[in-house]
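Taken together, the values in this text are just the output of simple stated rules run on the coordinates, not laboratory data. Predicted model only: the values in this text are computed from it and were never measured. Virtual Cβ from ideal backbone geometry, glycine too; neighbours counted across all protein chains shown.
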Amino acid sequence: MVSKAPLQPGENAELSLWTEWRRDYDAWAIKQHNVYAHWAPLLRALGLCPLPIIPNKKTPGEYVGCGRYRLLTDWTTRPPLSGPQPGAGIGLRLGEGLVGIDIDTDDEALRVRLMSKFIPAGRETISRIGGRGELFFLRVHPGRRIESKSFRCGGGAVVELLAVGKQCVLPPTIHPSGKPYRWGPNGWTLYNADLETLPEWPA
């Protein structure tokens, strides 16, 4: 067995300084960037599953210290993370109480026509606007399992049902383009609307 070389003078001090710097950096980061810490408890209180979103990306991740994140590969099944996630945005696991209808088109007339296929006339719902298009939230009856799917229109898939196995990024997370996600024009959000009154995903 090969023995390790003894520490040289000053190595313990350098290691101590590194540990102290990393602890101080993490404490600073937690204070500066609290999107996930602020909004995740509210989503949990609604019975939903929040997800930390890696900064400048759209994917769930977990903070591992010193400004670094690792991809979450089990986000579809694991319980919500409760630890600090500095710098992270906020996302939502779908298919559990809520599904999303993602209408990805710049054609306003087409968007309105597609909305009418899923949202009854005279009803409103919560929506989220990202880099392009708009995502609308619909309620799912407890215990009902909805599979994700895409709908083709005009030769291209412009509508997606985001349900089991899918997630979406929520405001006020910053989109990779540098602009923040925002809630829809009616002012409804997941935090100020009664989710029980939202239109339900049709059978």
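Miscellaneous remarks
- Sequentially through region 96-112, phi angles give Karplus couplings (6.51, -1.76, 1.60; θ = phi - 60°) of 10, x, 9, 10, x, 9, 9, 9, 9, 8, 8, 7, 5, 5, 5, 4, 5 Hz, Gly and Pro residues having no value and appearing as x.
- Paramagnetic label zone (point 7 Å from Cα along Cα-to-C-beta, Glu124; backbone N under 18 Å) in region 184-203: 184-200
- Simple spin-label estimate for Ile174 and Glu200 gives 4.2 nm between the two label positions (7 Å along the Cα-to-Cβ direction from each Cα).
- Rounded Å value of the spacing that divides the Cα centres of region 81-129 and region 170-203: 6
- Fewest-first sequence of Thr77, Thr59 by Cβ atoms within 10 Å of each Cβ: Thr77, Thr59
- Contour minus Cα-Cα distance for Asn56 and Asn186 (0.36 nm per residue): 44.1 nm
- Across region 49-171, C-alpha contacts under 8 Å between residues 6 or more apart give a mean separation that, scaled by the residue count, equals a relative contact order of 29 percent.
- Taken over region 98-197, the alpha-carbon convex hull comes to 119 cubic angstrom per residue.
- Taking the average, over residues, of other Cβ atoms within 10 Å as the packing measure, peptides 140-147, 91-98 rank 91-98, 140-147 from highest down.
- Amide hydrogen proximity for Lys166: with H placed 1.01 Å from N in the peptide plane, the residues at 5 or more positions away or on another chain lying under 5 Å are Leu94.
- Whole-number percent relative contact order across region 34-93, with pairs defined as alpha carbons under 8 Å at least 6 apart: 48
- ³J(HN,Hα) computed for each position of region 40-51 - Karplus, 6.51 cos²θ - 1.76 cosθ + 1.60, integer Hz, glycine/proline x: 4, x, 5, 5, 4, 5, 8, x, 9, 10, x, 10
- FRET efficiency for the Arg70 to Arg44 pair, using the beta carbon distance and R₀ = 22 Å, is estimated at 0.50.
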